[in-house]
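Comments concern the structure below.
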């Protein structure tokens, strides 16, 4: 465990010590400590503990924890990730070459929570945000130097994250647009009110999709995760293979069992069933007033486009649940843009921030990226 002390002022003549410690497991930090400061399901003890149990998800956790007077006031999960030695993209080739000649490790440090499209620094109120970010970035540099890690990333920084957007660029991080994610502000008293908020033609489509699902004999129902671990793994893999031919089975039945063990009270599982067979599922993760529709999966041999199970599982069931159970915000991922926008979602631009820890190489990379010819050369290389 590493630690760093720094005195901070709190708008008074008195000063207090802030301490930054680094841990390699969530149990060292403690469930109560993490969940006290968390406001997002992917930054909770249960999710991070689930990841630590996985043999199919090869990452090494690094947790940055801020303390003030022995009380946790900040928490930042991050993971050291191995680069695939067989990958053919230019970034991976660079790191693998550097690893072979002893220049660097073929690993990167990602400051985020895996499977979550949000890089965040969780801070309690009334803290010196900039100073704490400064301490964090210095500690990241130290770890990268000690472990010969060439690149550190904030892979998913929201356009609404004032602290990171305003300061990372001043700390030698390069900024790139990454993806657009989607969120839904839940502000209705009933599902009927939600329907009324939609445009007329969209409202007509939604009511038709709900009706057709029932007419096709498909029942959307809540269920318990522990009863379907192996089945969910197969259905999720089906979805992955549909869009990515070489997709690996990252989330096997053991993952779902452990997710149930550590996060059971925060999981909402919806199943689409017909004649007692499961056609598909959506799994949402809740913490406080936030609900994240984190994954879906389907039996493509059994379901059809006419049953509209996708729309009912991923949108109408979670939205109805959110309205009826005090959820204020639903997060969605970065696909199906028109479908999400039509159903009331808003966009959230997410940026990638990357820092090369080797100064001469960082200068070279920055020079290349700023060259007016770079976009043209890059486009030609990808054709």
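The values are calculated or read from the model by the stated rules, or taken from the named source; none is laboratory data. Since this is a predicted model, take the numbers as computed values, not measurements. Here the Cβ is made from the backbone with ideal geometry for all residues, glycine too, and neighbour counts use every protein chain on show.
Listed values, structure above:
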{"read-out": "Qualifying residues in the range 136-161 (those that are in a loop (DSSP other than H, G, I, E, B) and either out of contact with any strand residue (DSSP E or B) (no Cβ under 6 Å at 6 or more places or on another chain) or without any contact (Cβ under 8 Å) to a residue 24 or more places away in the chain (or both)) - the one farthest from residue 81 (Cα to Cα)", "value": "160"}
{"read-out": "Pair list, Cβ < 7 Å and 6+ apart or interchain, from the range 295-310 residues that are over 18 Å from residue 230 (Cα atoms) to residues that are assigned to a loop (DSSP other than H, G, I, E, B)", "value": "306/216; 307/216; 307/218; 309/218; 309/303"}
{"read-out": "Test for residue 164: is it crowded, with 20+ Cβ neighbours inside 10 Å, in contact with a helix residue (DSSP H, G or I) (Cβ under 8 Å, 6 or more places away or on another chain) and part of a helix (DSSP H, G or I)", "value": "yes"}
{"read-out": "Candidate set: the range 307-344, residues that are in a loop (DSSP other than H, G, I, E, B) and under 18 Å from the mean Cα position of the chain (by Cα); chosen: the one farthest from residue 279 (Cα to Cα)", "value": "334"}
{"read-out": "Whichever residue in the range 261-273 is outside any strand (DSSP E or B) and buried (at least 20 other Cβ atoms within 10 Å of the Cβ) and, among such residues, is farthest from the chain's Cα centre (by Cα)", "value": "262"}
{"read-out": "Criterion violated by residue 285 - all others in (1) part of a helix (DSSP H, G or I); (2) within 23 Å of residue 341 (Cβ to Cβ); (3) in contact (Cβ under 8 Å) with a residue 60 or more places away in the chain; (4) within 25 Å of the chain's Cα centre (by Cα) satisfied", "value": "(1)"}
{"read-out": "Residue among 192, 159 that alone is surrounded by fewer than 20 Cβ atoms within 10 Å (Cβ to Cβ), in the same structural domain as residue 293 (by TED's automatic domain parsing) and modelled with pLDDT of 95 or more", "value": "192"}
{"read-out": "Condition broken by residue 250, with the remaining ones in (1) within 30 Å of residue 346 (Cβ to Cβ); (2) in a helix (DSSP H, G or I) satisfied", "value": "(2)"}
{"read-out": "Number of the exception - residue 304 against (1) part of a loop (DSSP other than H, G, I, E, B); (2) under 28 Å from residue 44 (Cβ atoms)", "value": "(2)"}
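Listed here are the residues, each with its yes/no results for (1) at pLDDT 90 or above; (2) in the same structural domain as residue 171 (by TED's automatic domain parsing).
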| residue | (1), (2) |
| --- | --- |
| 281 | yes, no |
| 289 | yes, no |
| 292 | yes, no |
| 305 | no, no |
| 341 | yes, no |
| 355 | yes, yes |
| 363 | no, yes |
| 366 | no, yes |
| 375 | no, yes |
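Matching residues to (1) part of a loop (DSSP other than H, G, I, E, B); (2) within 19 Å of residue 292 (Cα to Cα); (3) out of contact with any strand residue (DSSP E or B) (no Cβ under 7 Å at 6 or more places or on another chain):
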position: 211; (1), (2), (3): no, no, yes
position: 221; (1), (2), (3): no, yes, no
position: 230; (1), (2), (3): no, no, yes
position: 241; (1), (2), (3): no, no, yes
position: 278; (1), (2), (3): no, no, no
